[in-house]
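Trainee: Sharing a structure below in structure tokens format, with a few things to ask.
No value in this document is a laboratory result; all are computed from the given coordinates. Predicted model only: the values in this text are computed from it and were never measured. Counting neighbours? That spans all protein chains shown, and the Cβs are built from the backbone with ideal geometry, glycine included.
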Amino acid sequence: MKAALTLAALAAVAHAAPAATFLPGPRRVLLPRLAGLAADGEVALTFDDGPSAASTPHFLRLLERHGVKATFFLLGTEVLRAPQLTRAIAEAGHEIGVHGWDHQCLLRKSPWRTHGELLDTRALVESLTGIRPRWFRPPYGVFSAASVASARSLDLTPVLWSTWGFDWTEGCTPESVHRRVMRRLGRGGTILLHDSDVTTGNGAWRATLAAVPKILDDCRRYGLRVGRLADLTLPPTPPPQPGAEIAPATARSVTAKKSRWSGVR
């Protein structure tokens with residue numbers, strides 16, 4: 001019994017170990033690529049939790065006015081609710097990343113469920129836009145071991161952020177979002193904001209919408225180029241570690257999955 005409990009404890013630790021990358025300080029120093037740090041003067045603007053019919057169109061219009069492209073990390077459940085909006089994001093030249101199927105913490109999900117949901121979300125976005133997502137950012141920025149392995153097997157590059165606006169909180173304002181983003185941006189990196197309040201319902205996206213022009217103005221003032229994650233010059237990818245792949249029995253055919261979403265319009 002003691003040996004079984006020890007093994008269970010070790011398995012739980014291994015499952016949760018990648019969650020430590022959530023800590024921003026160590027991430028910036030030890031894992032600069034995961035933090036979205038880039039060459040001097042380059043900034044990626046990213047948005048999480050969409051698409052939302054109530055808020056995302058406002059961000060698309062704003063970005064169009066400023067001539068800026070961004071990366072949107074979408075939830076599969078929200079893509080199902082707004083397929084036309086998902087297409088509009090891609091057609092406007094923005095990049096789409098996978099944020100998971102829903103916004104549940106991945107530490108609460110089995111490896112098989114995690115892999116299936118990442119595959120589902122990637123296939124759904126590809127079936128709607130014709131473009132296969134390249135990036136993966138987990139809900140809450142918390143990875144599980146299974147999500148890291150699944151992302152690798154699905155050719156999804158994990159990425160978090162180097163600065164964020166705390167723009168999901170009840171009391172956030174345009175000023176607080178702008179101030180927090182610029183405080184840690186430095187000479188470049190990846191900005192995390194939210195174009196949807198699907199997880200909170202508190203309307204905080206309005207503060208974000210008002211903060212984005214101030215952020216873009218400051219970036220231009222400091223000579224920073226703002227764009228998509230694909231436009232960044234990221235540090236080299238570390239070599240894969242042994243044993244990080246998903247077993248073939250847990251992976252399903254992308255072609256088969258795409259047919260599942262063929263009726264989504």
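Trainee: Using DSSP to define loop residues, name the GluC sites (Glu not before Pro) in segment 121-226 whose beta-carbon has at most 11 other beta-carbon atoms within 10 Å.
Mentor: E170
Trainee: Quick one: work out Rg over Rh on the C-alpha atoms of segment 70-137, Rh as Kirkwood radius.
Mentor: Rounded to two decimals, Rg/Rh equals 0.97.
Trainee: For A230, what charge total do you get from the other residues with a beta carbon under 15 Å from its beta carbon, if Lys and Arg give +1 and Asp and Glu give -1?
Mentor: Neighbour charge sum, excluding A230 itself: +3.
Trainee: Using only alpha carbon pairs under 8 Å that are at least six residues apart, calculate the relative contact order of segment 62-142 and give it in whole percent.
Mentor: Computed value for segment 62-142: 36 percent relative contact order.
Trainee: Points 7 angstrom from Cα along the Cβ direction at T199 and Q104: gap in nanometres?
Mentor: Output for this residue pair reads 1.5 nm.
Trainee: Under Stokes-Einstein, with the Kirkwood radius over Cα pairs standing in for Rh, what whole-number D in µm²/s applies to segment 103-202 at 25 °C and 0.890 mPa s?
Mentor: Answer, rounded: 161 µm²/s.
Trainee: Hey, another quick one. Report the extension gain between R184 and D40 in nm, rounded to one decimal, defined as 0.36 nm multiplied by the number of residues separating them, less their alpha carbon distance.
Mentor: 50.4 nm
Trainee: Here's another thing I want to ask about it. Counting every Cα pair in segment 49-179, what percent are over 22 Å apart?
Mentor: Beyond 22 Å sits 37 percent of the P(r) for segment 49-179.
Trainee: Can you tally the net charge around A54? Count Lys and Arg as +1, Asp and Glu as -1, for every other residue whose Cβ sits under 14 Å from the Cβ of A54.
Mentor: -1
Trainee: Further question on the same structure: Below 15 angstrom from the Cβ of Q104, what's the summed charge of the other residues (Lys, Arg +1; Asp, Glu -1)?
Mentor: After counting each charged neighbour, the total is -2.
Trainee: How much of the pair distance distribution for segment 116-171 lies past 15 Å, counting alpha-carbon pairs only, in percent?
Mentor: 55
Trainee: Follow-up. What shape does segment 32-97 take by its C-alpha gyration tensor, where a ≥ b ≥ c are the square roots of the eigenvalues and a/c under 1.5 counts as rounded, a/b above b/c as prolate, and the rest as oblate?
Mentor: Cα axes put segment 32-97 in the oblate bin.
Trainee: Once the Cα atoms of segment 166-222 are picked out, what are the Rg and Dmax in Å?
Mentor: My reading of the Cα-based Rg and Dmax gives 11.2, 34 Å.
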